Structures are given as C-alpha cells and as structure tokens.
1. Out of everything in region 345-359 that is in contact with a Ser or Thr (Cβ under 8 Å, 6 or more places away or on another chain) and within 15 Å of Tyr410 (Cβ to Cβ), what residue ends up being modelled with the lowest pLDDT?
2. Take Asp522 and decide whether it is within 26 Å of Thr430 (Cβ to Cβ) and open to solvent by 50 Å² or more (accessible area, probe 1.4 Å).
3. So the check is Cβ under 9 Å with 6+ separation or different chains; which pairs have a first residue in region 85-111 that's touching a residue at least 40 places away in the same chain (Cβ under 8 Å) and under 14 Å from Ile129 (Cβ atoms) and a second one that's surrounded by fewer than 16 Cβ atoms within 10 Å (Cβ to Cβ) and basic (Lys, Arg)?
4. Which one of the conditions (1) within 21 Å of the chain's Cα centre (by Cα); (2) of a type in the set (S, T, N, Q); (3) open to solvent by 50 Å² or more (accessible area, probe 1.4 Å) does Thr118 fail to meet, given that it meets all the rest?
5. In region 463-497, which residues are free of Cβ contacts under 8 Å to residues at least 60 places away in the same chain, within 22 Å of Val406 (Cβ to Cβ) and of a type outside the set (D, E, K, R)?
6. I'd like to check something: does region 93-115 contain any residue that is under 20 Å from Phe547 (Cα atoms) and touching a Pro at 6+ places or on another chain (Cβ under 9 Å)?
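The values are calculated or read from the model by the stated rules, or taken from the named source; none is laboratory data. Everything numeric in this text was worked out from a predicted model, so none of it was measured. When we count neighbours, we look across all protein chains shown, and the Cβ atoms used for this are built from the backbone with ideal geometry, even at glycine. The accessibility values were calculated without ligands, DNA or RNA, using every heavy atom of the protein model including side chains. Shrake-Rupley method; radii C 1.70, N 1.55, O 1.52, S 1.80 Å.
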Amino acid sequence: MRIFQFWFLLLLTLSFAVQAQDYLPLNREFLLPYDRELAKKTSDFHTSIKPYNAAELDTIIQTDSLYDFKPYSISRRRWIARVADNFLNTHLVNIDTAGLVLYVDPLLNIDLGREIVTGKRLYTNSRGIQAYGSVGKKISFYTSFYENQATFSPYIDSFATEYKVIPGQGETKAFKPESGSIQHDYNMAYGWVTYSPGKFFNIQFGQGKNFIGDGYRSLLLSDNSFAYPFLKVTTTVWKIKYMNLFTQFQDIRGSQLVVNGKGTGYPKKYGTFHYLSIQLGKSLQVGLFESIIWPGGDSTQKRGYDAAYLNPIIFYRSVEFANGSSDNALMGLNLKYKLNSKWYVYGQFILDDFKLREFKEKNYKYQQKYGYQIGTRVFDPLKIKNLILQAEYNYIMPYTYSHRTVEQNYSHYNQALAHPLGANFKELVTLADYRFRRYFVAIKYIRAKYGVNEGNIHYGKNIFIPDYGGVYNGVNYKFPYAKHAAQGRLNTLQYMEIKAGYLINPNTNMRLFGSLAIRKLDGYAAENKLTRFYAVGISTNLQNMYFDF
C-alpha cells in the first residue's frame, strides 16, 4: 500500500482547477454508441485505454445526443411519478447541490432459463446498488456492490469446481446444497476515488478492472479476471496519453495463509504496467505496453512491493536483469488505423519470451512465447444505420503468460489477466450489433482451436502449469518445445449466442432481454461437448462477463 500512498501524495501537490472526472462502465454494450462517435477521424481520443474517462469524452462528443430516441414522457406532479421518471430516464436518486453531486441506482440481473440438453433449470439472481458523484471540482467517486446466487450450464460448473470462482467474478460457495443441483453464491464489489490535480493528470485509486486494446479480446490486459486493488496515474499531453498502473493480485490456488493461528488472506503478488499511446495524424494510434509480475514473498522473506518498479518511465526488462531476478516481464504493441470515419482496423502483439535465432532455424531449445491479434470494425455498413460489424482473429503460442514459478504467471484470482482461453490457441470472433430506437439484437459467433494435455505431457494451454515442466497438483509435467499454436490433442470450440431485447434506461444499461446460446466442443477427452441454453430476464449490465470459452 505504500506505493499507492507515495504516488497519491506526490501528484496531490499539483493544484490546477479542473472539473471532477470519473469513468464510464467497462461494458461493451454500454459503450457501443460512444465507440461510434469515437471512430470518426475528427476524434483523437485514445480508445485503447479503458474504462473511458467521462469528463474527457464530454469535451469531444455530445453525450446527450448519442441515442436517437427521446426519454419517456412522465408527469412529475406526484412523488411516485417523479421516482418512476428518475428510474426510467436518469437515476433513482439525483442530488446536485453546491459542491456535491450524487447519483444512486439499484443494480440487478434477474433471469430464468434452461439448459436444453440436460434439462437443468438455470437462473441468476443478482441484486446490488451503485453510488457515484463528485465533491468539489477535483474529486469524484464510485462504489457498487453485488450479491449473487445462480445456477449455470455444466461447463461453467466444471470451471467453478476447478478454479473456485465464477468467470470474471467472485469466489463461489455452495448454495442450498440440499437441492441436489449445483448452485453458486458469490459477491462482487467495486469502488474508487478519482482525483484530477490539473488538466494533464488524472489519478484513480480503488478496486476494479482495466482493459488495454481496441478489440473484443485483449492480449495485453483485459477485464477477464476478478476486480483487484490498483492505483492508476494517467498523463495526457498533446496527442500523447501515458498510463502507469500499479496493482495487487491474489493467488487463490491453495489455502489462505495462516500466521499464529490466524488467517491473513491468500498469497499476494504484484504488477506494474506502463502503456504509452500516441496519435499519429488523423488515422493512426500506436500503443507501447510493458508489464512486470512478481510474487509478494519468496522462500526467505516477505518481498512486498519492489521499489525498483516504482519508476514511472523505465524499461522493466533492464530492471529485472539488473536485479538478477526472474520476474515475469511482458512487452506488447497495440495499433489502430481509421480507414474512414466509420471503419477501422486494429491489432496487438504480445511478447513474453522469444529467441529469434532459434525461431529462424526451427531449432527450438527455448519456449517461443508470443501472440498477435488482427481485427476490424465497421459502423453503418451498407448504409444500415445503427448496425455494427466486427471480426477478430487471435493467435497465442503455447506457454505464453505462464512462468517457471507458478506464482508469477499472468493471472489473478485463478483467471487469466489476458484471454480466457489462456494460451496455445487460435480464435476467430465475429460480432453483429443492431439497434432500432430502443430495440436491439446482438449476434456472436466464436470458433477456436486449442491443444490440451495428454497425461503428464503439458502442451502449454494451462498458464498455471510451469512453462518448463514441473510439479503442479501432484503431477510431474513434461513439455515439448512450442512450434505452433494449438499443439497437442486438438479441441475445436464453437460458441454462438443470439440476444435481443428492449433498452429501458441507457444511463444504467437497464434492459429486458432474451438470449439463446449454443456451445459445441469437439476433440480429445472433451467434457460437456454440447450445451444449449436460453434465458429471459432484466438486467442493469455494467460489466463484461465472459462465458464464451
């Protein structure tokens, strides 16, 4: 925690007047109308750094005119009508007095459905609340809490049993075990304070998620895992945006630590991230990425937050080498090019470990750990207003994101910090979104191929197994050197989802919806080979939940 206090106090000394700033929800559906405006060549907003800063967007686009429908017309003469108006059009609680702005909303995700193949009844019962606003001109805040009970399709149950968590969400415990069906009880909490000491700096401190990239997936840093404590310092000068992110992660594979008979929580590990985004001309954005992951302790002492990684402008590889350490360093590149104001292409490259000479000679004595992404997105194709199409290809070599020391792999809370499939895969993602006034339809199709282990031969998909072999969960793994993605026993995954509904309140993304999903897995020792499930419900969906793996 000292590093967070250090940076907060250091930058607090700058005191230029500026409006309080906060961040939009990190949800793809919520951001669709914003992304449409930001795709224009007249915008130089750095879209690869998410969540978006709301105050910056207000200076670029007219956020009040993003939708082509009007608010509900409700008479506010009676108090119940005023509450209904707030609930449907703005926020349930609206307070705007001298020096204080406060919005409060209920959060919910209530749905009922069925898994068609097995006949299992599915449901989600999430209730929560969020509050956000600002104090004065420089400080803003956000907090939310969700309490959840749910039943899921068999493949999600298998994931929860193996990793102890619901994908992207909290640690799960059994709920009503006497029912004879696997039911999950879990919760989530988010919260942060944002401080803007001047027009160049923005500081955010709290617990949440971050995303780097312009695609549906991110190979650099995504919102796939559970929320984590972080301090983020963003500097914006001219056409440059620079982000420093300091994080604390948890390794929950084993039991909680016990000192003097008292639990002290799960083992900690830390991460520091640099990301530099540069706007070149009207069309091209280039982002440079680097990160370092290290454990909170070693065999001799508690290491804590390493002061060597506090420098906000430095190359982590050189620090790692100078320390004589084997910390997990990654480097990456993000690119986005606007072909016109409604069509852009994007891509990423992630580099973990790589030997160019071995790669050229095909004589592998070292793991070649890298990956790339290529994608495109178009708005209003064929002059169909409010239609958005997107296609994306992701390729990750075996053993990428893993490490010789399991505690230093690229993960948090038993989930990957990048892609939900881990490594050793190739994936095609296609998305179509259409809206007519308040009605919407979304179609998603994903096809992926990945290699799985055979006995104690580790082919590099599971990032929790050491990348050079070793003992994991009592198995002494051996490994082949990686030559291509999807090596090993091949599995083919297909996932298709159709969702349609009605948008009630765009401020909270409250919507009525119905969905149908089909998941098919073919290959060696594939479990839950065919899953079909449907659901209907109402949701204020402000976070991305990835069940498409």
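1. Asp352
2. yes
3. Pairs that qualify, where the first residue is touching a residue at least 40 places away in the same chain (Cβ under 8 Å) and under 14 Å from Ile129 (Cβ atoms) and the partner is surrounded by fewer than 16 Cβ atoms within 10 Å (Cβ to Cβ) and basic (Lys, Arg), are Pro106/Arg127; Leu107/Arg127; Leu108/Arg127; Asn109/Arg127.
4. It fails just one condition, (1).
5. Hits for region 463-497 are Gly469, Val471, Asn473, Gly474, Val475, Asn476, Tyr477, Pro480.
6. Yes - at least one qualifying residue is present in region 93-115.
Condition check ((1) part of a strand (DSSP E or B); (2) of a type in the set (Phe, Trp, Tyr); (3) closer than 20 Å to Gly332 by Cα) across all residues:
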| site | (1), (2), (3) |
| --- | --- |
| Tyr372 | yes, yes, yes |
| Gly375 | yes, no, yes |
| Leu382 | no, no, no |
| Tyr393 | yes, yes, yes |
| Arg404 | no, no, no |
| Ala418 | no, no, yes |
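To keep it simple, each residue is scored yes or no on (1) free of Cβ contacts under 8 Å to residues at least 40 places away in the same chain; (2) aliphatic (A, V, I, L, M); (3) part of a strand (DSSP E or B).
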site: Phe141; (1), (2), (3): no, no, yes
site: Phe145; (1), (2), (3): no, no, yes
site: Gln149; (1), (2), (3): yes, no, yes
site: Tyr155; (1), (2), (3): no, no, no
site: Ser158; (1), (2), (3): no, no, no
site: Gln169; (1), (2), (3): no, no, no
site: Ile182; (1), (2), (3): yes, yes, no
site: Tyr186; (1), (2), (3): yes, no, yes
site: Gly191; (1), (2), (3): no, no, yes
